[in-house]
Amino acid sequence: MTLELTPNVDVHRGSSGRIRSLSHAGEPFQPAGFGPLAPRELAAEYLREVAPHFQLEDSALTTLAEKVDGLVREEGVRLRWEREKRVGDVAVEQYAQTYRGLKVWNSSVAVRVHTGLAGVIGSESQVDPEIHAEMPDLQTAPFTPERLSPETLRRALNVETRPDEPVINHVSLVVYQFAPEDRFPEVDPNNPSF
């Protein structure tokens, strides 16, 4: 069953016309046929209901109970639980979008659960339902977690630093879609414009 978009549901769309957020604090979502659910379980049930509105395939919902782990897998787009944040009576359950098991950069779904009402009061989606990326051969890729060192990073960035810099705290693989229109123009170091 799909969550009905009644006049009590505030719908926000992105520039492409796709639904990006649903807000329904006056009509909290509570699944029929279930007793009280923990916020994470409630968020998962809610995502199954709103999946068509956010253009999520059923296969993307098969991993809602799994935590993001960064392991490469032979699979398409999925949602995996990432974290819960609490502020007062609201728990925000965040699900990262993954592709082939890897997190997709800046792509997630957040579900707001009002714990006092035991209902979902809204959600936001920044997922891209159509990701098709060619995975590099990780045996020969130059910047895999095993091959990235401070020296490799210095050379790649073409920067001079002290011998003990930069410090690499964590390395993980992500899926990133390069969008040239989002880049800042290159600046001529001999003619900076501020």
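Here is how the numbers come out for the structure above:
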| read-out | value |
| --- | --- |
| Fraction of accessible area attributable to carbon and sulfur, the chain (%, probe 1.4 Å) | 51 percent |
| Selection from Gly33, Ser108, Val9 lying farthest towards where the dipole of the chain points positive, charges on Cβ | Gly33 |
| Surrounding net charge for Ser149, when Lys and Arg each add one and Asp and Glu each subtract one, Cβ distance under 14 Å | -1 |
| FRET efficiency estimate (nearest 0.05) - Cβ-Cβ, Arg155 to Ile131, R0 30 angstrom | 0.50 |
| Under Karplus coefficients 6.51, -1.76 and 1.60, residue-wise ³J(HN,Hα) of region 97-112 in Hz, glycine/proline x | 7, 10, 9, 6, x, 9, 4, 8, 4, 6, 9, 7, 10, 10, 10, 9 |
| Rounded tilt (10° steps) of 39-50 against the dominant C-alpha axis of the chain | 80 degrees |
| Ranking by accessible area, most exposed first, for Tyr46, Tyr99, Tyr176 with a 1.4 Å probe | Tyr176, Tyr99, Tyr46 |
| Surface per residue (accessible, 1.4 Å probe) for the chain, Å² | 65 Å² |
| Reported label for calculated Cα Rg over 2.2 N^0.38 Å given (1) 0.98; (2) 1.02; (3) 1.27 | (3) |
| Spacing of the two label points (7 Å from each Cα toward its C-beta) at Lys85 and Ser16, in nm | 2.3 nm |
| Integer Hz, Karplus 6.51/-1.76/1.60 couplings in order for region 26-33, x for Gly and Pro | x, 9, x, 7, 9, x, 6, x |
| Over the chain: helical MRE at 222 nm, DSSP H runs n ≥ 4 each giving -39500 (n - 2.57), nearest 500 | -3000 deg cm²/dmol |
| Test item: Cα-centred dipole of region 70-156, Lys/Arg +1 and Asp/Glu -1 on Cβ, debye | 300 debye |
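The values are calculated or read from the model by the stated rules, or taken from the named source; none is laboratory data. Quantities reported herein were computed from a predicted structural model and do not represent experimental measurements. Virtual Cβ from ideal backbone geometry, glycine too; neighbours counted across all protein chains shown. Accessible surface is based on the protein model in full, side chains and every heavy atom, while ligands, DNA and RNA are left aside. Shrake-Rupley method; radii C 1.70, N 1.55, O 1.52, S 1.80 Å.
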